[in-house]
Every structure is written in structure tokens, then in C-alpha cells.
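Chemist: I'd like to ask you about the structure that follows.
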Amino acid sequence: MSPNWPKRSPDQGSLRIPEIQERLGHAVNNLVKHFYKPEKERGNLTYLLCGDQGLVHCLELVFQYGFRSSRIFRNKFFIWDYLEKVKQHFESVLTGEVRQAITDGAKAGYWIYCNFLSKINNATESVGKDGKFQIFVCVGIRDHLLQKLLPLIANTPVTAQMYEENSFLRNYSHINYLVHILSTLEEFQITLESSLLRGLDI
């Protein structure tokens with residue numbers, strides 16, 4: 001199966017946070033079950049990550065929920081644009097352009113995040129923004145980075161500007177849920193198909 005971006009389901013705009021959490025839990029549970037099966041009985045990992053109701057799709061729902069302009073610009077908003085704005089903020093803090101007190105751990109996370117996005121951008125000129133988000137999620141899961149980066153991403157002025165207060169990303173208990181559920185995948189060694197990485201050496 002080619003790792004195409006999953007089609008938007010017609011109901012996703014009406015989903016509420018408990019439903020998104022349920023779908024996310026189901027997607028992660030499917031991945032856990034995949035790794036507990038004997039290798040010859042395992043299904044397609046790429047489908048579990050990128051297929052309909054896969055992990056990428058569920059995290060897309062997380063990032064879309066509560067976006068301030070989603071009703072006006074539903075077809076123009078790309079999650080990648082938001083991630084890029086977060087990168088610009090992190091770079092401004094790291095260069096001292098924006099004064100912000102951060103811990104050494106957060107500073108390390110900022111560097112990792114900025115380098116991560118730069119690698120995806122530099123190596124995937126022919127890949128669209130949805131495709132870049134897909135790579136971000138898949139490599140972030142493989143390298144066990146997502147659960148470390150999400151709290152840093154959420155706790156930025158960019159998130160406060162671009163998301164409603166009731167959004168998934170501005171609620172600490174929801175972010176903690178995300179961190180907890182993604183951490184359950186840390187024990188597994190995830191190997192991504194080369195086609196999924198679109199030629200990206202990362």
C-alpha cells in the first residue's frame with residue numbers, strides 16, 4: 001500500500017475531544033497489538049500509521065480541533081504551517097531575539113524540534129504540507145520524539161494565538177493524555193518503509 005494521505009472523513013469536523021481521544025487510543029492500541037503478534041502474523045505497519053483511522057489521521061484531528069480560523073479557512077489551514085510558526089518562535093528564543101526563561105531541557109527540545117523540521121523541509125521539496133506532517137508524525141513516533149516535543153509545542157504563544165481556549169493543544173490534561181498514550185509505544189522498535197519517508201534520510 002502506498003502511504004497516501006488519508007481522505008478526510010465527513011464527520012471529522014463535528015468530532016468532540018472524547019471521541020478524538022477514543023480514536024487515538026484505538027490507533028495506538030492497534031499498533032501495540034501489532035508488535036505483540038509474532039512477526040509473520042503482523043499486518044501492514046504503514047497502514048496502521050497512515051491509513052484510515054491510523055495514528056497520523058488521529059493526530060491530524062488533535063491539531064485541527066479548536067484552530068481559530070478553521071471555520072473560515074477550513075481548506076487553507078495546514079498543520080505544517082502551525083508547526084513552522086512554532087519553529088520560528090523556538091529559533092527566536094534560541095537566538096535571544098525573544099527573551100524567555102527556559103530550562104536546559106526545554107532548550108535541548110527546541111534545538112531538536114528545529115533541526116527535525118529543517119531536515120524534513122530540506123529533503124522533501126516535492127512533498128506537500130500534509131505529506132510533511134505525515135513524515136513528522138511517523139519519524140517522531142519511530143524516534144520516540146513526539147511525546148517529548150508536544151508539551152513544548154503546546155506551551156508557546158503561537159498556540160495561544162492560533163487555537164481557541166477549548167482546543168486540544170491548550171488543555172494540559174489533554175496534552176498529558178497525549179504524552180501518556182504515545183509513551184506506550186516507546187518499548188517498540190518501529191521500522192518505517194522507505195516509501196513513507198519520501199527519500200528523506202532521517
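Chemist: For a quick protection proxy, order the peptides 19-25, 35-41 by their average other-Cβ count within 10 Å, most packed first. List each step's numbers first, then the result.
Modeler: Numbers: 19-25: 17.1, 35-41: 8.1.
Going by the mean number of other Cβ atoms within 10 Å, highest first, we get 19-25, 35-41.
Chemist: Now, a different point. Select from the stretch 166-202 those chymotrypsin sites (Phe, Trp or Tyr not before Pro) which occupy a DSSP coil region and have at most 16 other Cβ atoms within 10 Å, ordered by residue number. Spell out each step's value before the answer.
Modeler: Numbers: sites: 168, 172, 177, 188; in loops: 188.
Filter output for the stretch 166-202: 188.
Chemist: Select one label from (i) 11.6; (ii) 16.3; (iii) 15.2: the one whose number is mean projected area of the Cα convex hull in nm² as derived from the coordinates shown.
Modeler: (i)
Chemist: Right, another one. Express the Stokes-Einstein translational diffusion coefficient of the stretch 78-157 in µm² s⁻¹, to the nearest whole number, given a Kirkwood radius over alpha-carbon pairs, 37 °C and a viscosity of 0.692 mPa s. Don't skip to the answer; put the middle values down first.
Modeler: Values: Rh = 13.0 Å.
Taking Rh from Cα pairs, D becomes 253 µm²/s.
Chemist: Taking the simple approach of a point 7 Å from Cα along Cα-to-Cβ for both residue 201 and residue 33, what is their distance in nm?
Modeler: Simple spin-label model gives 3.9 nm for this pair.
Chemist: Shifting gears a bit: Of 37/132; 87/132; 40/132; 37/148; 87/107, which ones are farther than 20 Å apart at the Cα? Show your work: numbers first, answer last.
Modeler: Details: 37/132 30 Å; 87/132 14 Å; 40/132 31 Å; 37/148 27 Å; 87/107 12 Å.
Flagged as over cut-off: 37/132; 40/132; 37/148.
Chemist: Separation between the residue 143 and residue 183 pseudo-spin-labels, each 7 Å from Cα along Cα→Cβ, expressed in nm?
Modeler: The two pseudo-label positions are separated by 2.1 nm.
Chemist: When ranked by the protection proxy of mean other Cβ atoms within 10 Å per residue, highest first, what sequence do the peptides 195-201, 133-139 form? Each step should come with its number before you reach the end.
Modeler: Values: 195-201: 14.4, 133-139: 23.1.
So the order, starting with the most tightly packed, is 133-139, 195-201.
Chemist: Additional query: Whenever you get a sec, compute what percent of the accessible area on the chain sits on carbon and sulfur atoms (1.4 Å probe). Mind showing how you got there, number by number?
Modeler: Details: 5190 of 10540 Å².
Carbon and sulfur atoms account for 49 percent of the accessible area of the chain.
Chemist: Need one number: nm distance between label points at residue 115 and residue 26, each 7 Å from Cα along Cα→Cβ, rounded to one decimal.
Modeler: For the pair residue 115/residue 26, the computed spacing is 3.8 nm.
Chemist: What residues from the stretch 130-164 fall in the zone where the backbone N is under 14 Å from a label point 7 Å along the Cα-to-C-beta line of residue 88?
Modeler: 157-159, 161-162
Chemist: Provide the per residue accessible area, probe 1.4 Å, for the stretch 137-188, rounded to a whole number of square angstrom.
Modeler: Working: 2220 Å² over 52 residues.
I get 43 Å² per residue for the stretch 137-188.
Chemist: Given Cα pairs under 8 Å that are at least 6 residues apart, what percent is the relative contact order of the chain?
Modeler: Details: 198 pairs, mean separation 53.7, N = 202.
For the chain, the relative contact order is 27 percent.
Chemist: For the chain, set up a GNM with springs between Cα atoms under 10 Å and report which of 159, 46, 184 has the largest fluctuation.
Modeler: Comparing 159, 46, 184 in the GNM, the peak value goes to 184.
The values are calculated or read from the model by the stated rules, or taken from the named source; none is laboratory data. Note that the structure is predicted; figures quoted are calculated from it, not measured. Virtual Cβ from ideal backbone geometry, glycine too; neighbours counted across all protein chains shown. Side chains are part of the model used for accessible areas, which takes the heavy atoms of the whole protein and leaves out ligands, DNA and RNA. Shrake-Rupley method; radii C 1.70, N 1.55, O 1.52, S 1.80 Å.
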